Amino acid sequence: MEIEKSNIVRSGAGRDKGKLFVVLAVEGEYLLLADGKSRKVESPKRKKRRHVLFVSSEETRLSEKIKSEEKITNSELRRTLAACREVIQPDQEG
């Protein structure tokens, strides 16, 4: 599955391995990721596509805001990722 803007992904490599992120932008083979806590909207993590695993592409209010490039807050990211964590219940979450 192709990873797009507003998808939820899990880091598969690096010190943040296992953490969930929201894709804020796609720049070629790189993704800009944020989780609202360790990586804020103001300073997203730049990570290669091959180092993340696709988790979800739900259509939520947050995904609509990201796609239309409206301003989003860190609390919105945290809320969305918390809801996703409850659904998938990962074995390890950093």
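The values are calculated or read from the model by the stated rules, or taken from the named source; none is laboratory data. If you're wondering where the values come from, they're calculated on a predicted model, not measured in any experiment. Cβ: placed from backbone, ideal geometry, glycine included. Neighbour counts: every protein chain shown. Heads up: the accessible areas ignore ligands, DNA and RNA and are worked out on the full protein's heavy atoms, side chains in. Shrake-Rupley method; radii C 1.70, N 1.55, O 1.52, S 1.80 Å.
Just a few scattered comments:
- Bridge orientation summary for the chain: considering DSSP beta bridges with both residues in this region, about 100 percent are antiparallel.
- Based on the Kirkwood approach, the hydrodynamic radius assigned to the stretch 14-87 is 12.6 Å, with every pair of different Cα atoms included.
- Across the stretch 4-50 the C-alpha pair distances fall into 5 Å bins from zero in the proportions 6, 25, 38, 25, 6, 0 percent.
- CD proxy at 222 nm, helix term only [per DSSP H run n ≥ 4: -39500 (n - 2.57); per residue of the chain; nearest 500]: -7000 deg cm²/dmol
- The slack in the chain from Glu58 to Asn74, taken as 0.36 nm per residue of separation less the alpha-carbon distance, amounts to 3.9 nm.
- Taking amide H positions as modeled 1.01 Å from N, with prolines and chain starts lacking one, the residues under 5 Å from Gly18 and 5 or more places away or on another chain are Ser11, Gly12, Ala13.
- Distance in nm between pseudo-label sites at Met1 and Lys65 (7 Å out along the Cβ direction from Cα): 2.3
- Think of a 1.4 Å ball rolled over the protein heavy atoms: the chain then has 62 Å² of accessible area per residue.
- Apolar share of the accessible surface for the chain: 46 percent from carbon plus sulfur atoms, 1.4 Å probe.
- Sorting 31-41, 56-66 by their mean Cβ neighbour count within 10 Å, with the most densely packed peptide first, gives 31-41, 56-66.
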